[in-house]
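Read through the structure below, which is laid out as structure tokens, and then see the notes.
The values are calculated or read from the model by the stated rules, or taken from the named source; none is laboratory data. All values reported here derive from a predicted model rather than from experimental measurement. Ideal geometry is used to build each Cβ from the backbone, glycine not excepted, and the neighbour counts take in all protein chains shown. Heads up: the accessible areas ignore ligands, DNA and RNA and are worked out on the full protein's heavy atoms, side chains in. Shrake-Rupley method; radii C 1.70, N 1.55, O 1.52, S 1.80 Å.
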Amino acid sequence: VLAEAYLYSDWDLPRAEQAFQRSLALNPDLADTEAHWAWYLSLQGKRTEAVAAMERAVSLDPLSPLLTSWLAWLRLAYGDVAGAITDSRHSVELSPDFAPGLFVLGNALLAKGDTQQAIAVHQQIAAHAPAWRWGLGYVYARTGHDAQARQIAADLAGKVTPFGAWGLAVIHAGLGDVDESLRWVDSAIARRFSWVPWLGPD
């Protein structure tokens, strides 16, 4: 937990590494430690090691839809679209309306070029987890449905959360609105949103 606080809240990578190493030394079979260690490794550009750590986390807790979705997320980030689809489908099999699993599945389908299915999956997320509807906005933006994307952005901008600020940055990036996207990145940074360290990889 201390490592997570350093990583996601303080953005203090050296202290996070120290805490992760201590946790792994005390108990090398804790799935949560392996999973968050994988995210740390991804920040260091250690792609092979990050995937291996997340695979180990899944092997330690194979019934976790979250860990399986995170493995899919890493695969997609590194260009393994087929692997991301397989793992995200498994996450959704474990929990049919699980937003992170559906989110990666929708984005992987978009990367594959299956735009109709990508939209359908993100519509499912928006129906069950409205906080994630910015993913639908991004898919709309990437598939020529600019009006729908801008409507979702306008809705999110009405009451901005840290998660929503990140989502607005993503939607506007999809629309090609670079200045507006960067403005929302700044907002996410100011709100100390936990994903900010992954801005580069994203």
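For the condition open to solvent by less than 60 Å² (accessible area, probe 1.4 Å), over 19 Å from F193 (Cβ atoms), free of Cβ contacts under 8 Å to residues at least 12 places away in the same chain and of a type outside the set (D, E), what is the one hit in G101, G79?
After ruling out the rest, the residue left standing is G79.
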- When you scan the stretch 104-117, how many residues do you find that are acidic (D, E) and open to solvent by less than 20 Å² (accessible area, probe 1.4 Å)? 0
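A quick yes/no check of all residues on (1) of a type in the set (D, E, K, R); (2) at pLDDT 95 or above; (3) closer than 22 Å to A50 by Cβ; (4) loosely packed, with under 13 Cβ neighbours inside 10 Å:
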site: A120; (1), (2), (3), (4): no, yes, no, no
site: Y138; (1), (2), (3), (4): no, yes, no, no
site: R142; (1), (2), (3), (4): yes, yes, no, no
site: G164; (1), (2), (3), (4): no, yes, no, no
site: V170; (1), (2), (3), (4): no, yes, yes, no
site: G176; (1), (2), (3), (4): no, yes, no, yes
site: R192; (1), (2), (3), (4): yes, yes, no, yes
site: G200; (1), (2), (3), (4): no, no, yes, yes
- Task: For the stretch 187-202, enumerate the residues that are in a helix (DSSP H, G or I) and closer than 15 Å to W11 by Cβ.
- Result: A188, I189, A190, V196, P197, W198
- Criterion violated by V160 - all others in (1) open to solvent by 20 Å² or more (accessible area, probe 1.4 Å); (2) touching a Ser or Thr at 6+ places or on another chain (Cβ under 9 Å); (3) over 21 Å from G113 (Cα atoms); (4) part of a helix (DSSP H, G or I) satisfied: (4)
- Message: When you check W134 against the structure, is it within 13 Å of R183 (Cα to Cα), open to solvent by less than 40 Å² (accessible area, probe 1.4 Å) and not basic (K, R), yes or no?
- Response: no
- Task: Please verify whether the stretch 5-26 includes one or more residues that are open to solvent by 20 Å² or more (accessible area, probe 1.4 Å), over 19 Å from G200 (Cα atoms) and not in a helix (DSSP H, G or I).
- Result: no
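Among the residues of the stretch 37-76, count how many are without any contact (Cβ under 8 Å) to a residue 60 or more places away in the chain and either among the hydroxyl-bearing types (S, T, Y) or open to solvent by 20 Å² or more (accessible area, probe 1.4 Å) (or both).
Within the stretch 37-76, the first condition is being without any contact (Cβ under 8 Å) to a residue 60 or more places away in the chain, and the residues that meet it are 37-38, 40-41, 44-76.
Checking which are either among the hydroxyl-bearing types (S, T, Y) or open to solvent by 20 Å² or more (accessible area, probe 1.4 Å) (or both) leaves us with 37, 40, 44-49, 51-52, 55-56, 58-66, 68-70, 73, 75-76.
Count: 27.
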- Long-range neighbours under 6 Å by Cβ, at least six apart or interchain, first residue over 13 Å from E180 (Cβ atoms) and touching a residue at least 40 places away in the same chain (Cβ under 8 Å) within the stretch 157-168, second surrounded by 14 or more Cβ atoms within 10 Å (Cβ to Cβ) and among the aliphatic types (A, V, I, L, M): none
